[in-house]
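The values are calculated or read from the model by the stated rules, or taken from the named source; none is laboratory data. Bear in mind that the values here come from a model prediction, so they are computed numbers and not experimental data. Cβ placement follows ideal geometry from the backbone for every residue including glycine, while neighbour counts extend to all protein chains displayed.
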Amino acid sequence: MKLSIAGGCGDFGRSCFFISGNQHAYIVDCGTSTDGMDRVPDLTAEEIRSAEYLFLTHSHRDHTGAVEFAEEAGFTGQVMMSAQTYRQLSYKPKNAVIMDSTAPEVELLPDFVLHWGRTGHCCGAVWYAITCEGKTAFFSGDYREGDPFYRNDPVRDLAADIAVIDAAYPTEETGDAMRERFLARAEALLADGRPLILPVPRFGRGLSIAAALWARTGGRYAMAMDDRLLREWRTFARRKYFVKPSVWDVPVEAFRPWDGAHIAGPGAYFLTDAQLSHAESRQLADSAPEARILLSGSVHGYGRAKEYVESGRAEQVLWPNHMTYGEMRALAGANRFARCIPFHDPRRKPEALLYEF
Ligand SMILES: [Zn+2]
Ligand SMILES: [Zn+2]
């Protein structure tokens, strides 16, 4: 089998891997770049037409933004994903197949078997172990063990001939240390008695941060969520399949509704605009100069978050919803992977773009 990196390694987003053998071909993720240019993966028309399946790990656009492009370029296969990924996608693929979460293993064809589990990165995010023509390829997707909100099916003792593993953070740290640093900073800002704006994506770390911050501060500070995040919280906070039991200790009413436009007093305000892309978010920041802004994710090429960090109006402390290099190596050590390809770090260029396995 051959694996070709069509994007996602040493790149801003654009995750996409093309795998082919003598009989079969498939694609894992098909994202656009996050540098503001929405670049599509480096797939040839022949590769796109030959692929029988496109497996999506989760809905984020650095993994799914180019699905429509693939369809327009001649992809006619099935697009496999979890139910939650389907719900979260703004563009619904023409030939979507929803995987059955009660049985995370399926024989698609006699020599083509798919196995998956939850990654802990957002609702519906999955990893894949795909065995085709006798060779197994593992794809971690965006992977996070130990998240305070999302459940993860830890990958252990899995044999694979090749493994593409999330290593978004180029450090040896642990997620626990990163999480502690973020929460300590957020708590210090709340203790200051000024409003704290927390821009987060609609699907992902917002619920993790909210649950962890509430648990840490025991409800001492008012916390509000805009409509879109509050809807997610109310939908998932009691859903056992997605959520850790510790989340059940956080009252469903812990977060009050917020219009996303007006700051009223101290406390935390969760705003679903991670990159401050919307004019309304910037109006909000300008209208409340006393409010602090704490960014928890990477600052991308689209949106205005970068300007806010550079001017000092916002500060950035990464919340871990990916793995560090140290954690990637630990995951590789807990399994039997013949070869590992780290992905998701824009700074680390891949050793090669094509691998035989
Ligand atoms: Zn993601
Ligand atoms: Zn990603």
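Residues checked against (1) at pLDDT 95 or above; (2) touching a strand residue (DSSP E or B) at 6+ places or on another chain (Cβ under 6 Å); (3) closer than 16 Å to residue 212 by Cβ:
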| site | (1), (2), (3) |
| --- | --- |
| 242 | no, no, yes |
| 248 | no, no, yes |
| 264 | no, no, no |
| 274 | yes, yes, no |
| 322 | yes, yes, no |
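For the stretch 117-126, state whether one or more residues are buried (at least 23 other Cβ atoms within 10 Å of the Cβ) and either of a type in the set (Phe, Trp, Tyr) or away from ligand 2 (no atom under 16 Å from the Cβ) (or both). No: zero hits. Return yes when residue 52 is more than 16 Å from ligand 1 (Cβ to nearest atom), free of Cβ contacts under 8 Å to residues at least 12 places away in the same chain and over 26 Å from residue 120 (Cα atoms) and no when it is not. Against the criterion (more than 16 Å from ligand 1 (Cβ to nearest atom), free of Cβ contacts under 8 Å to residues at least 12 places away in the same chain and over 26 Å from residue 120 (Cα atoms)), residue 52 does not qualify. Taken as a whole, the condition of being within 16 Å of ligand 1 (Cβ to nearest atom) and in a helix (DSSP H, G or I) applies to residue 63. Once the stretch 323-344 is narrowed to residues that are within 22 Å of residue 14 (Cβ to Cβ) and aliphatic (A, V, I, L, M), the residue that is surrounded by the most Cβ atoms within 10 Å (Cβ to Cβ) is 323. Evaluation of residue 197 against the conditions (1) part of a loop (DSSP other than H, G, I, E, B); (2) of a type outside the set (Phe, Trp, Tyr); (3) more than 28 Å from residue 29 (Cβ to Cβ) shows that the sole unmet condition is (1). Among the residues here, residue 183 does not qualify as touching a helix residue (DSSP H, G or I) at 6+ places or on another chain (Cβ under 6 Å), part of a strand (DSSP E or B), closer than 26 Å to residue 275 by Cβ and more than 16 Å from ligand 2 (Cβ to nearest atom). One residue stands out in the stretch 1-38 among those that are of a type in the set (Ser, Thr, Tyr) and away from ligand 2 (no atom under 13 Å from the Cβ): the one that is surrounded by the most Cβ atoms within 10 Å (Cβ to Cβ), namely 26.
Residues that are within 30 Å of residue 315 (Cα to Cα), without any contact (Cβ under 8 Å) to a residue 12 or more places away in the chain and not aliphatic (A, V, I, L, M) are absent from the stretch 145-159. Within the stretch 145-180, the set of residues being within 18 Å of residue 9 (Cα to Cα) and in a loop (DSSP other than H, G, I, E, B) comprises 167, 168, 170, 171. Would you check if residue 309 is under 28 Å from residue 39 (Cα atoms), in contact (Cβ under 8 Å) with a residue 60 or more places away in the chain and more than 16 Å from ligand 2 (Cβ to nearest atom)? In short, no. Among the residues making up the stretch 39-53, those that are more than 16 Å from ligand 2 (Cβ to nearest atom), crowded, with 19+ Cβ neighbours inside 10 Å and either outside any helix (DSSP H, G or I) or not assigned by TED's automatic domain parsing to the domain that holds residue 107 (or both) are 43, 51, 53.
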